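As structure tokens, the structure follows; a few thoughts come after it.
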Amino acid sequence: MRISTVFTRLTPNYNNWQKPSGSLGKCRSVDRTKPLYEERNHFGWEEWLFEDYHARKETCVGFLQAFNDKNKHITFVDIIHLYTRILEGNKPKQYYIGYIKDVKVLPYNQRAISTQQKEQMQKDLKEAKITNFPVNDKMWDKCFNIQFERKNVVFHENFLEKEIQLNRGQFRFSLYDLNNHPNFLFNQ
């Protein structure tokens, strides 16, 4: 199934989503008994989203939580707008990052990671002082779930200058259809 225009959240990152940047800015769950993945592990898989883009590869792969074990009926997205939510002190703020056009959602049998990619990602985690992540975690088998062309990315490197206001309930790592959530358009 193809969908048109949506927005979704990314884990905070201070390395332009090329590799993990550590625990700084990671959000906390309101429910202390159910910590967020980024809170528990000090990173999110989206933190490599623009690694291929910055490496100037024409075809890029990445991860969006919105397609991790959900939205399985979607195979293609015309435009995905991206924002992040960063905890500054005790107050989270949202920032517009940019968008990707013509995003292919990879089928489960195409989400494999090579040994070389895994080793590099493990090295990136160590450089960010993330050492408590289990090497045998099941996420390694599905850490790439989208594919897109470099030419279809509009990325704002100075994203901290683009604070946006979102409505209550728009903070999850979900897909939000702009037909149902038009307020996002007014924030860019």
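Restricting attention to segment 115-167 and to residues that are in contact (Cβ under 8 Å) with a residue 60 or more places away in the chain and of a type in the set (Lys, Arg), the residue that is surrounded by the fewest Cβ atoms within 10 Å (Cβ to Cβ) turns out to be 151.
Which residues, counting only those in segment 1-56, are β-branched (Val, Ile, Thr) and within 21 Å of residue 67 (Cβ to Cβ)?
Looking only at segment 1-56, we keep the residues that are β-branched (Val, Ile, Thr), and these are 3, 5-6, 8, 11, 30, 33.
Answer for segment 1-56, where residues must be β-branched (Val, Ile, Thr) and within 21 Å of residue 67 (Cβ to Cβ): 3, 5, 6, 8, 11.
Among the residues of segment 9-40, those that are buried (at least 21 other Cβ atoms within 10 Å of the Cβ) and not in a loop (DSSP other than H, G, I, E, B) comprise 9, 10, 38. Residues in segment 52-66 that are touching a helix residue (DSSP H, G or I) at 6+ places or on another chain (Cβ under 8 Å) and either over 17 Å from residue 36 (Cα atoms) or in a strand (DSSP E or B) (or both): 52, 53, 56, 57, 58, 59, 60, 61, 62.
So which of 173, 148, 159 is touching a helix residue (DSSP H, G or I) at 6+ places or on another chain (Cβ under 8 Å) and of a type in the set (Phe, Trp, Tyr)? Step through it out loud before you land on a result.
Working: 148 fails: touching a helix residue (DSSP H, G or I) at 6+ places or on another chain (Cβ under 8 Å); 159 fails: touching a helix residue (DSSP H, G or I) at 6+ places or on another chain (Cβ under 8 Å).
Step by step, each of 173, 148, 159 is checked, and only 173 is touching a helix residue (DSSP H, G or I) at 6+ places or on another chain (Cβ under 8 Å) and of a type in the set (Phe, Trp, Tyr).
In summary, residue 49 fulfils each of the numbered conditions (1) aliphatic (A, V, I, L, M); (2) exposed (fewer than 13 other Cβ atoms within 10 Å of the Cβ); (3) under 11 Å from residue 11 (Cα atoms) with the single exception of condition (2). Quick check: anything in segment 67-83 assigned to a helix (DSSP H, G or I) and touching a residue at least 40 places away in the same chain (Cβ under 8 Å)? Taking every residue of segment 67-83 in turn, at least one turns out to be assigned to a helix (DSSP H, G or I) and touching a residue at least 40 places away in the same chain (Cβ under 8 Å).
Go through the residues of segment 54-65 one by one and say whether even a single one is hydroxyl-bearing (Ser, Thr, Tyr) and within 20 Å of residue 93 (Cβ to Cβ). Explain how you work it out, then say what you get.
Of the residues in segment 54-65, the ones hydroxyl-bearing (Ser, Thr, Tyr) are 59.
After this cut, where a residue has to be within 20 Å of residue 93 (Cβ to Cβ) as well, the list is none.
No, segment 54-65 contains no residue that is hydroxyl-bearing (Ser, Thr, Tyr) and within 20 Å of residue 93 (Cβ to Cβ).
Taking first residues from segment 16-39 that are in contact (Cβ under 8 Å) with a residue 40 or more places away in the chain and partners that are among the hydroxyl-bearing types (Ser, Thr, Tyr) and in a loop (DSSP other than H, G, I, E, B), the Cβ contacts under 6 Å between residues at least 6 apart in sequence or on separate chains come to 21/14.
Every read-out reported here was derived from the displayed coordinates using simple, explicitly stated rules and does not represent laboratory data. Because the structure is a prediction, the values reported are computed rather than measured. Heads up, the Cβs are rebuilt from the backbone with ideal geometry, glycines too, and the neighbour counts pull from every protein chain shown.
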